[in-house]
Amino acid sequence: MPRPTRIAEFPPAPVTEALDRLGRNIRTARLRRNMPQETLARRMGVSRFVVADIERGKPTTGIAGYLGALWVLGLLPQMRDVAAPDLDEEGKSLERLRSPRTARLRSTLSDDF
């Protein structure tokens, strides 16, 4: 079995908080649908233990597990704006800084022969 990555072993606090929140949200959605963990697991094609890890926000659980749970619960469309380039204000600002500020001068052809 491969060794977990450093970020999975020691995730920064914001990553831990985001995973915990996502896991709690998935659990709440499952409970609102009156769906046992076993049913969600079967529909995802994983074990109940994977679903339990997802709901705990375990950082070593693969992203496919989290997305699979959202898909089964009908919540996957909400992920379409995650990291959307049009919503990346910092990235767009940095890109503007690298862009030329003035248009290049075009060399014009002379009619003088």
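What follows draws every value from the coordinates through simple rules; no lab data is involved. Since the model is a prediction, treat every value here as computed from it, not as a measurement. With ideal geometry, Cβ positions are generated from the backbone for all residues, glycine too; neighbour counts draw on all protein chains shown.
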Return the loop-located trypsin sites (Lys or Arg not before Pro) in segment 1-46 (DSSP other than H, G, I, E, B) with at most 15 other Cβ atoms within 10 Å of their own Cβ; answer none if there are none. Arg33
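Show that you can apply the helix-only estimate: for the chain, add -39,500 (n - 2.57) for every DSSP H stretch of four or more residues, divide by all residues, and state [θ] at 222 nm to the nearest 500. Don't skip to the end; give the middle numbers.
Working: 6 runs with 61 residues, N = 113.
Computed mean residue ellipticity for the chain: -16000 deg cm²/dmol.
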Computed from the beta carbon distance with a Förster radius of 30 Å, FRET efficiency for Ser93 and Ile7 to the nearest 0.05 stands at 0.70
Report the one residue of Asn34, Leu67, Gln78 whose Cα lies farthest in the direction of the positive end of the charge dipole of the chain (charges on C-beta: Lys and Arg +1, Asp and Glu -1; origin at the Cα centre). Asn34
Highest GNM mean-square fluctuation, the chain, Cα pairs closer than 10 Å: which of Thr102, Thr60, Thr39? Thr102
Between Asp112 and Val15, 0.36 nm times their residue separation minus their Cα-Cα distance comes to what? 28.3 nm
Evaluate the distance, in nm, between pseudo-label points positioned 7 Å from the Cα of Arg80 and of Arg101 along their respective Cα→Cβ axes. 3.9
³J(HN,Hα) across segment 80-94 via Karplus (A = 6.51, B = -1.76, C = 1.60, θ = phi - 60°), whole Hz, x for Gly/Pro? 4, 8, 5, 6, 5, x, 5, 9, 8, 5, 5, x, 5, 5, 5
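Evaluate the Kirkwood expression for the hydrodynamic radius of the chain, namely the inverse of the mean inverse distance over all pairs of different C-alpha atoms, and round to one decimal in Å. Mind dumping the intermediate values first?
Values: mean 1/r = 0.0571 Å⁻¹.
In the chain this quantity evaluates to 17.5 Å.
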